[in-house]
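Step one of this worksheet: look at the structure below.
The values are calculated or read from the model by the stated rules, or taken from the named source; none is laboratory data. These numbers were taken from a predicted model, which means no experiment stands behind them. Note: ideal-geometry Cβ built from the backbone for every residue, glycine included; neighbour counts use all protein chains shown.
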Amino acid sequence: MFTPIQLLLSAHRKNKRIISVIYDILAVTLSLYFAMALRLDTLVIQVNTEELLCLMVTCTVTILSFVKLGMYRAILRYMMMPAVGNIFVAVIISAITLAMSGFFFQAFVPRSVPFIYAGLAMFTLGAPRIFIRTIYYHYYRRKKPNVFIYGAGSTGRDLAYALIQGGEYHPVAFLDDDPKKAGQILTGVRIHPSSQFKNLLSLYQPVKLLLAINNISKGDRLRLVDELSHWPIEVQSVPSVEDIAAGKASVTDIKDLDIADLLGREPVSPDVELLQRNITDKSVLVTGAGGSIGSELCRQILAQNPATLVLFELNEYNLYAIHQELETIKNNLGLSTELVAALGSVQKENRLTKLMTAYKVESVYHSAAYKHVPLVEDNVIEGIRNNVFGTLACANASIVTGVRNFTLISTDKAVRPTNIMGASKRMAELVLQALADRGTETNFTMVRFGNVLGSSGSVVPLFKKQVRQGGPVTVTHPEITRYFMLIPEAAQLVIQAGAMGHNGQVFVLDMGEPVKIVDLAKRMINLMGMKSYLSDKGETDADGDIEIRFTGLRPGEKLYEELLIGDNVEGTSHQKIMTACELKLGWENMKDLLDELDICCHNFDTECIKKILLDAPIGYKPNLGNID
């Protein structure tokens, strides 16, 4: 059963305008009648032709004023102070019109009547509009869950205003650490110091806290997020000022906190000269261009305006997706780069040679690899074929075609590997070092780093999915630790390291401090507004909301990752890049080893492959058996 207010709010826009015009004519007429009645102290008013003409002119001018001021385009339920101001202006115009038309038509309009009329018209024209908005606001506010906004600056103000007008959330309190703002009212919402959070939480019972602070340093933001992670409420963020200004997002595009906030590390600004050295105005090829690392490399490379960017990828959809994205970026930035989408496998040396020749490739970034440890552990032969022989094919093609710079994206799992994936990547490093010692025009460099948050193999998307499903969040071991880095930062450092390298060098990126995976899981659960508990320690769901369950180490998985094999490490001109001096093989020994490995792969002999890897100088020590 609809109430009259609900029927009015749900009516068609055209019908609403007709109703508004009819009401305004009645309101002007009644205001003038009561103004005369109050002035003459009688309810019986004698009306002649002159008075009727005066009323018609006043009504017409009032309606036209409302039209000109946009009052019939305004939506009643969203009316705020600007609309009240427009009503005041229209009423003043109406009162002046009444006085002038009374004089012009010689109508009986006492001099005090326009003043009385103005006061009454302000009430009869404005009050219903404000009343409807108030009814709507209070009626629909009950249907919207409460939220807190952290940050009472311009971003917080815009967010609060947008939420009040929208239908998703109802802002009930601002939290801000500036003592000067405490107690003030912003868009009808009171500002409180953050120390009152617990009291406000029980009072308003908000569903989440929206972080609306964009004008602080990265370090201060990380410290703030760390503090908020201990509050029993889900924390989300609004887009950055840059994204809002560029039109990439609106202030109401509320999202989960950035992965950078979860990681708690502050990226270092890149060296622009190093970024450009092997890219700008050159022809560049990226293998594995559709992968999480490869695609970010492509974005960073395109930003440096190469002459040609060849995207080489085995997966058709991934290649299509990154090519379309880069075309959009290219057009938005007005770049002249030629983008080439090339399907193919890095194991096909002839295909790579033809591509590099056709597009006169000068720099290669070799990102293509099978990286998921359990999958490679169960598919040994394909892992070796792709990671070792794919690298060899790509390197040979680069040598034949005169590529100037070749950069391999390696991994911390190549250091004293306990799994096939890590062993295959260490073998790939040895292949390039052996080729470099043979003497070529191609400058081979390798860049080794740890896990990147947000990549296809990252734990962050998995943890988020598990939390939203109600748990449990699965961690393989309570003591497992990993180095983490953000994809954009990793890609930038790879490009810079490749530009610094001398032939055969291994670079190691400074990954900061290792992070315990269980601590990362707890942090994410807390920031999503829930509390974690560990069932293996006797805790129950009475102690928390989401269980963290330990599932045991997977085949080939390490408790701790390393970035260096030995202690022979030196700094470079870049504070986040080091170079490592490690054991390597000459080309003849490396070729014999590869020939044996090729025969074992051809015969599908995984035990033979395992024996070769054990005998090779890569420090391979498997912790569990292999399957294929």
Original post:
Somewhere in the stretch 475-482, is a residue under 30 Å from Val284 (Cα atoms), at pLDDT 80 or above and hydrophobic (A, V, I, L, M, F, W, C)?
Top reply: no
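Quick one: which strands (runs of 3 or more DSSP E) sit completely within the stretch 542-598 and have at least 2 residues that are assigned by TED's automatic domain parsing to the domain that holds Ile480 and at pLDDT 75 or above? Quick ask: steps written out before the conclusion?
On the way: elements: 546-550, 569-571, 577-580.
In the stretch 542-598, the matching strands (runs of 3 or more DSSP E) lie at 546-550.
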Original post:
Just one of Gly512, Gly501, Gly538 is under 30 Å from Asn305 (Cα atoms) and at pLDDT below 75; which is it?
Top reply: Gly501
**OP:** Considering only the stretch 226-310, give the helices (runs of 4 or more DSSP H) lying wholly within it that have at least 1 residues that are in contact with a helix residue (DSSP H, G or I) (Cβ under 7 Å, 6 or more places away or on another chain), at pLDDT 80 or above and outside the structural domain of Ser154 (by TED's automatic domain parsing).
**Re:** 272-277, 292-303
Subject >> Residue list for the stretch 166-211, restricted to those being aromatic (Phe, Trp, Tyr) and buried (at least 18 other Cβ atoms within 10 Å of the Cβ) >> reply: Tyr169, Phe174, Phe197
